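Scroll down for the structure; my scribbles are underneath it.
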Amino acid sequence: MHSLSVMYAFFQRDVKVYASRLPVFILSFSVQYAVMYGLCFGYLLPKIGLSSQATMDVPVFLIGPILYALSVISFSTNAEFLLDFERDRLIDFQLTLVPPTAILAQKIFFNTFFNFCSAALYIPTLKLIFYNDFDLSKANLVGAYLILLLAAFFMASMQMLLTCVTQSRKSIRHFWRRINYPMVMLGGFLIPWRVMNAYSSKLGMITLFNPVLYITEGLRSALLGMPEFFGVGRCAVMLAIAGVLCSMLALYFFRKKVDCV
């Protein structure tokens, strides 16, 4: 009970710190990202850059760029935690009050909440801007927002794992170039799994181990109601498993980083 009360106090502290930032995050990632990346990759690319037959895939293309928003949001919410290891060391004070498991659980829970709130208007913005080209008549909005919530959890857990593994902020760029960017590109950013698998069954098999794939597949299945994509239930389970695994690994490396006894 003591740990829970302290975790709640830390959660309130994070809410106060990030409350003024939330409107900026919503405007940037739910609105501006939807307009910029939706227009470039979801609308202009299939209508102008590809053949005219690709225009029927505009809704498919519009959904993928949400990965950019989720990646940047989750990195931003973990930036303070990463920098604390090098500067303020608030973490040292927190460790005198609660065990490392409680600290990490609270941070992942808050980051999941903040990530979800920051990206929640992404889908309505796409519908507002690309009204006729983004048909949601068959949409399962409950399923879509369940996937979005689990995507926020997975991204928060993965970025927390990154924070606990890296030795300094200078090494972040290596992760972004070598791990995060390929995961996004091979996670259905523009190309759904069925297309990759049709081109190469080996590529299709490899990408099944990419948790990011289940974000785009789940959102496309829920929003477009097409059988070509993985079902919402399957994607939800895979994202939950990936998030839990990343959280467990983050805890392991966090203990090593702070040298807990």
If we scan region 240-253, do we find a residue that is part of a helix (DSSP H, G or I), of a type outside the set (Gly, Ala, Ser), open to solvent by less than 30 Å² (accessible area, probe 1.4 Å) and in contact (Cβ under 8 Å) with a residue 60 or more places away in the chain?
-> yes
Across (1) surrounded by fewer than 22 Cβ atoms within 10 Å (Cβ to Cβ); (2) among the aliphatic types (A, V, I, L, M); (3) at pLDDT 70 or above; (4) in contact with a Lys or Arg (Cβ under 9 Å, 6 or more places away or on another chain), ILE48 clears everything bar (4)
Filtering region 60-113 down to residues that are at pLDDT 80 or above and small (Gly, Ala, Ser), which residue is farthest from ASN132 (Cα to Cα)?
-> ALA102
In the set MET226, MET205, the lone residue that is of a type outside the set (Phe, Trp, Tyr) and open to solvent by 70 Å² or more (accessible area, probe 1.4 Å) is MET205
Residue count, region 164-202, condition farther than 19 Å from LEU67 by Cα, open to solvent by less than 50 Å² (accessible area, probe 1.4 Å) and either modelled with pLDDT under 90 or of a type in the set (Phe, Trp, Tyr) (or both), comes to 4
Out of all the residues in region 124-141, which are in contact (Cβ under 8 Å) with a residue 24 or more places away in the chain and either hydrophobic (A, V, I, L, M, F, W, C) or open to solvent by less than 10 Å² (accessible area, probe 1.4 Å) (or both)?
-> LEU126, ILE129, PHE130, PHE134, LEU136, ALA139, LEU141
Hits in region 209-239 - residues which are of a type in the set (Phe, Trp, Tyr) and assigned to a helix (DSSP H, G or I) | TYR214
Across region 105-123, the tally of residues that are surrounded by fewer than 22 Cβ atoms within 10 Å (Cβ to Cβ) and in contact (Cβ under 8 Å) with a residue 40 or more places away in the chain stands at 6
Among the listed residues VAL24, VAL35, which satisfies the condition of being at pLDDT 80 or above, exposed (fewer than 13 other Cβ atoms within 10 Å of the Cβ), out of contact with any strand residue (DSSP E or B) (no Cβ under 9 Å at 6 or more places or on another chain) and under 16 Å from TYR122 (Cα atoms)?
-> VAL24
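The values are calculated or read from the model by the stated rules, or taken from the named source; none is laboratory data. Predicted model, so just to flag it, every value in this text is computed and none were measured. Neighbour counts are summed over all protein chains in view; Cβ atoms, including those assigned to glycine, are modelled from backbone coordinates with ideal geometry. The area values use the complete protein model at the heavy-atom level, side chains included, leaving out ligands, DNA and RNA. Shrake-Rupley method; radii C 1.70, N 1.55, O 1.52, S 1.80 Å.
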